[in-house]
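Below you'll find the structure, written out as structure tokens, and then a few comments.
The values are calculated or read from the model by the stated rules, or taken from the named source; none is laboratory data. Quantities reported herein were computed from a predicted structural model and do not represent experimental measurements. Neighbour counts run over all protein chains shown; Cβ positions are idealised from the backbone, glycine included. Side chains included, ligands, DNA and RNA excluded: accessible areas come from the protein's heavy atoms. Shrake-Rupley method; radii C 1.70, N 1.55, O 1.52, S 1.80 Å.
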Amino acid sequence: MLMGKDLVDCGLVLLTLWLCIQSVPIAVDKSAVKPTEDLDAPGSVDTGLHYDRYLREVIDYLEKDPHFKEKLKNTDMEDIKQGKLAKELDFVQHNFRTKLDELKREEINRLRLLIKVKQDIQGGNGRTIDHQSLLKQFEHLNHMNPHTFEVEDLDRLIKTATKDLENFEKNQHDEFKRYEMMKEHERRERLKNMDEEHRKQEEQHYKEMKKKHADHPKVHHPGSEDQLKEVWQETDGLDPENFDPKTFFKMHDSNGDGFIDENELEALFTKELEKVYNPNNEEDDMVEMEEERMRMREHVMNEVDTNKDRLVSLSEFMEATQKNEFHEQQEWETLEQKPMYTEEELKVFLEQLTNEQNNIDMRTASLQKQREEIERKQEELNAQKLGLQQAVEEVERLKAQGSKVKVEEPGAPLPEGQMAPVIAGGSQPLPPGHQQQDVPVASHS
């Protein structure tokens, strides 16, 4: 499959991009790779793409369609890249097309929500929103038609995923380089905070660990006769004098598809990597081991995979064993012999870190000022609210008092049987029907 006239079981790979997915390096024991049928399920290996789930679900449903599966057998890699396979979508069964429509609608909704969140975050941080960058997240589908999955959607998915996955290794190398420089930065920062005595001890310990890590057996050149014979002897338990390339190939084509894929290839490097890295040793970094594994795989693929389909066929393998380089006794240059960065690159990286930290500090100070201003305004609002509440309570109190006081109108009749109060030093009008009588005043002699 995807190799001219040679055909492969369609269950191994659906598209060129599926080959890429299968070969994405992950930090696991490659000698224990799961059977192909387990890897075919969506989500089995994370590609790192933001549309990984969508990609796998589309592949899963297309692979189930008999017509599409049959067409795939007779389509080579270049035809797939040029979009010829995508046109076969028109002949996919209706129930699968309906499911693909549903998957696309779900993906559109996911992307819309994602972009809204990003816009809210960037806008909230006072950052300018890069609309072009946001729109790139729709490159793997036609968002102008959000309802149905069409030929253009499959064509875009194939081309975008192929391009993104081809950049995977470069991105991984860049990430590892940053990891190494950050590790050195943190080491130097620790030294700055130590006194002279502890600094000397730490420097001595660092040198000892580097020397200990570099003290390992010879690492054979990946893909060389010596390296493969070591696997033949140590892993397969066979006599190296009876080494047979064709038999070796068939033994390590673990899924029996007629090809050695990148996962199967990486499994061949385990013995070489164990010479350099041990997870129980302080001086050995397992992140570096995975970088070393990737470098070995890339080296062999560049030399052996002549048609660049990320698979090694038996013919390609046998051709490689006939080259002079295959028989040369070469030692592999490991990472400690070939640093990932120069001192000048480290200097630039540290300057970038300093600038990033300064920007963070400035942003933090600005946010702190905003917070203090908000707290001050909140205190003013609370004081105004308290004053308003007190005024309302005073008004309510006065209203309550006023409702208890009855104001009497002049000349209003008193209730029957009630006497008018007598006020000292004054006169009080009599109730109706009463006459005023003179009261005799006693004289004093």
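Residues that are touching a Leu at 6+ places or on another chain (Cβ under 9 Å), at pLDDT 85 or above and either assigned to a loop (DSSP other than H, G, I, E, B) or of a type in the set (A, V, I, L, M) (or both) within segment 133-160 comprise H140, L141, H143, T148, F149, E150, V151, L154, L157, listed in sequence order. Remark: pairs (first residue in segment 258-279, touching a residue at least 60 places away in the same chain (Cβ under 8 Å); second residue open to solvent by 30 Å² or more (accessible area, probe 1.4 Å) and aliphatic (A, V, I, L, M); Cβ separation under 7 Å; 6+ apart in sequence or on different chains) = G258/L314; N263/V33; E264/V33; A267/V33. Scanning segment 310-337 for residues that are closer than 28 Å to D257 by Cβ, of a type in the set (D, E, K, R) and open to solvent by 20 Å² or more (accessible area, probe 1.4 Å) returns R310, E319, K323, E325. Of the numbered criteria (1) open to solvent by 70 Å² or more (accessible area, probe 1.4 Å); (2) without any contact (Cβ under 8 Å) to a residue 24 or more places away in the chain; (3) touching a helix residue (DSSP H, G or I) at 6+ places or on another chain (Cβ under 7 Å), the one V392 fails is (3).
On the stretch given as segment 377-389, residues that are open to solvent by 90 Å² or more (accessible area, probe 1.4 Å) and either among the hydrophobic types (A, V, I, L, M, F, W, C) or not in a helix (DSSP H, G or I) (or both) total 3. Given T148, T160, which one is in contact with a helix residue (DSSP H, G or I) (Cβ under 9 Å, 6 or more places away or on another chain), open to solvent by less than 20 Å² (accessible area, probe 1.4 Å) and within 28 Å of I115 (Cβ to Cβ)? Matching residue, one of T148, T160: T160.
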